[in-house]
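Single-structure report; data block below.
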Amino acid sequence: VIMRRDHTLFALWYKTYVENFRPEVKVISKGLLSAEWYRDKLRKDFPAMDWKEEYLNDKEYIKWIIKNYGKQQSVYITPAAAAELDKEFFSRYEIIPYGLVEKVVEKDMETEMGNILSETIEKYKYRGSYNTSEHYDYFARDFITLYAEAYERIGTHFLRDNNSEDAQKMYRRAIDFSPEFPGPYANLAYLYWQEKNFNKAVEFYRRSIELLKDKMAQFTRKEAFKRKLARKYNNLGAVYEKKYRMERENRYFNNALESYNNAIRYDRNFSRPYFNLGVLYWNRDWGKAAENFRLAAKFDPSNRDALKYYNLALQNAQNLRKSP
């Protein structure tokens with residue numbers, strides 16, 4: 001098990017070294033792998049593993065462990081540790097939610113995905129609605145968040161398998177554990193969008209945005225939060241635009257316009273809201289439609305539709321100016 005955060009790492013070290021629980025499990029600290037003294041300790045503690053002698057930084061060492069021992073025995077990694085590795089490396093592996101960690105499996109290996117998910121849920125059996133605001137004595141705040149994140153990951157895995165019913169259950173369990181966790185609200189909003197329950201989609205996207213802003217206010221470095229907010233505002237705008245197309249009420253047009261502009265305000269290089277603004281202005285203001293398609297193509301040159309619709313909107317705008 002490869003770990004990064006101290007509160008989970010120390011908990012497992014206590015179980016392993018003090019209580020001698022499951023001594024065959026190798027609990028590895030990502031942050032210490034660059035230290036020679038720590039690698040010496042691992043060689044002594046787990047002599048059966050043929051530890052690499054040459055110097056590697058912690059990230060390269062984790063890749064080496066996964067590559068060399070993934071076929072011999074199960075390798076698990078916490079999401080915090082996995083997030084620091086490059087996506088190209090993980091493209092060769094299936095990352096499967098497994099409780100508070102993720103199981104790393106080579107893509108060519110036969111794996112019963114359903115069984116792993118079922119086993120995960122049994123290990124972390126749901127026992128009621130516990131959350132940080134009302135049950136401080138049940139889990140420490142950091143651990144409640146980890147449980148919420150775990151349920152969200154399982155929900156997303158179900159969603160990728162087109163199992164929206166179980167995905168929704170997992171997202172709601174995540175919210176039960178941590179009502180201030182923004183991710184599950186956005187995922188539920190997406191599910192409501194699929195079900196054409198647009199009012200609920202709006203409600204949950206707005207709640208996700210509020211919580212994400214609250215979380216961003218706690219940090220000095222805000223760029224990652226701004227990118228997430230841009231994408232959530234863009235999705236909210238798409239819901240309002242759908243309501244406008246269905247009901248033809250100008251308030252929904254204005255809601256969509258405001259949401260797309262908010263997306264751009266938080267990430268000016270994000271191409272999608274420019275494209276969506278071009279669509280929103282189509283047949284309504286050809287000049288603004290053309291300008292937004294131009295910007296969409298500028299920030300995403302691979303989007304051929306943006307360039308095509310820019311030319312069409314520009315031609316329509318020019319024809320309109322020429323007409324008597």
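How large is ³J(HN,Hα), in whole Hz, for each residue of the stretch 246-261 in order, when computed from phi with the Karplus curve 6.51 cos²θ - 1.76 cosθ + 1.60 and θ = phi - 60°, using x for Gly and Pro?
7, 9, 6, 9, 4, 4, 6, 4, 5, 5, 5, 4, 4, 5, 5, 5
Please list, by residue number, every one of the GluC sites (Glu not before Pro) in the stretch 237-324 that is coil in DSSP and has at most 11 other beta-carbon atoms within 10 Å.
Of the GluC sites (Glu not before Pro), the ones in loops of the stretch 237-324 whose Cβ has at most 11 other Cβ atoms within 10 Å are Glu249.
Roughly how many nanometres apart are two label points built 7 Å out from the Cα toward the Cβ at Ala35 and Tyr14?
Calculated label separation equals 2.0 nm.
With springs only between Cα atoms under 10 Å apart, run a GNM on the chain and tell me which of Ser178, Ser271, Ser74 wobbles the most.
Ser74
Using Cα atoms only, what is the angle between the long axis of helix 286-299 and the major principal axis of the chain, expressed in degrees (0 to 90) to the nearest 10?
30 degrees
Around Val75, which amide H atoms from residues at least 5 apart in sequence, or from another chain, sit under 5 Å from its own amide H, with H modelled in the peptide plane?
Val104
Convert each backbone phi in the stretch 228-233 into a coupling constant with the Karplus relation 6.51 cos²θ - 1.76 cosθ + 1.60 (shift: θ = phi - 60°), then list the ³J(HN,Hα) values in order as whole Hz, x for Gly and Pro.
So the J values, rounded to whole Hz, are 5, 4, 4, 6, 5, 5.
Taking 45 Å as R0, compute the FRET efficiency from the Cβ-Cβ separation of Glu180 and Gln318 and round it to 0.05.
Rounded to the nearest 0.05, the efficiency is 0.30.
Would you mind telling me the antiparallel percentage of the DSSP bridges in the chain, rounded to 5?
75 percent
How about the stretch 1-38: which chymotrypsin sites (Phe, Trp or Tyr not before Pro) there are in a DSSP loop, with at most 11 other Cβ atoms within 10 Å of their Cβ?
Here the sparse-neighbourhood loop sites are Phe21.
Determine the relative contact order of the chain: mean sequence separation of Cα pairs under 8 Å and six or more apart, normalised by residue count, in whole percent.
Relative CO of the chain lands at 8 percent.
Report, by chain and number, residues whose modeled amide H sits under 5 Å from the one on Tyr98, excluding near sequence neighbours (fewer than 5 apart, same chain).
Close amide H contacts, sequence-distant or interchain: Lys103.
Which length gain, in nm to one decimal place, applies between Glu106 and Asp166 when the Cα-Cα distance is subtracted from 0.36 nm times their residue separation?
Full extension of this stretch gives 19.1 nm more.
Could you tell me the accessible area of Leu32 in Å² (1.4 Å probe, neighbours in place), rounded to the nearest ten?
Per-residue accessible area (Leu32): approximately 50 Å².
Show me, for the stretch 300-310, the HN-Hα J-couplings you get by feeding each phi into the Karplus relation (A = 6.51, B = -1.76, C = 1.60, θ = phi - 60°), rounded to Hz, glycine and proline as x.
With coefficients 6.51, -1.76 and 1.60, one gets 9, x, 6, 7, 5, 4, 4, 5, 4, 6, 4 Hz.
Over the Cα atoms of the chain, how large are the radius of gyration and the largest Cα-Cα distance (Dmax), in Å?
Reported Rg and Dmax, both Å: 24.2, 88.
Of Arg231, Arg268, Arg206, which is the most mobile in a GNM of the chain whose springs link Cα atoms less than 10 angstrom apart?
Fluctuation is largest for Arg268.
How far is it, in nm, from the label point at Glu247 to the one at Lys226 when both lie 7 Å from their Cα along the line to the Cβ?
Once both label points are built, they end up 3.3 nm from each other.
Under a 1.4 Å probe, what is the accessible area of the chain per residue, stated in Å²?
57 Å²
May I ask for the distance between the Cα centers of the stretch 260-320 and the stretch 163-178, given as a whole number of Å?
Spelled out, the Cα-based centre of one part sits 36 Å from the other.
Given a 1.4 angstrom probe, I'd like the percentage of the accessible area of the stretch 173-281 that is carbon and sulfur, rounded to a whole number.
Ligands and nucleic acids excluded, carbon and sulfur reach 44 percent.
The values are calculated or read from the model by the stated rules, or taken from the named source; none is laboratory data. Worth saying up front: this structure is predicted, and the values here are computed from it rather than measured. Backbone-built Cβ (ideal geometry, glycine too); neighbour counts: all protein chains shown. Just so you know, the surface numbers come from the protein's heavy atoms only, side chains and all, with ligands and any DNA or RNA stripped out. Shrake-Rupley method; radii C 1.70, N 1.55, O 1.52, S 1.80 Å.
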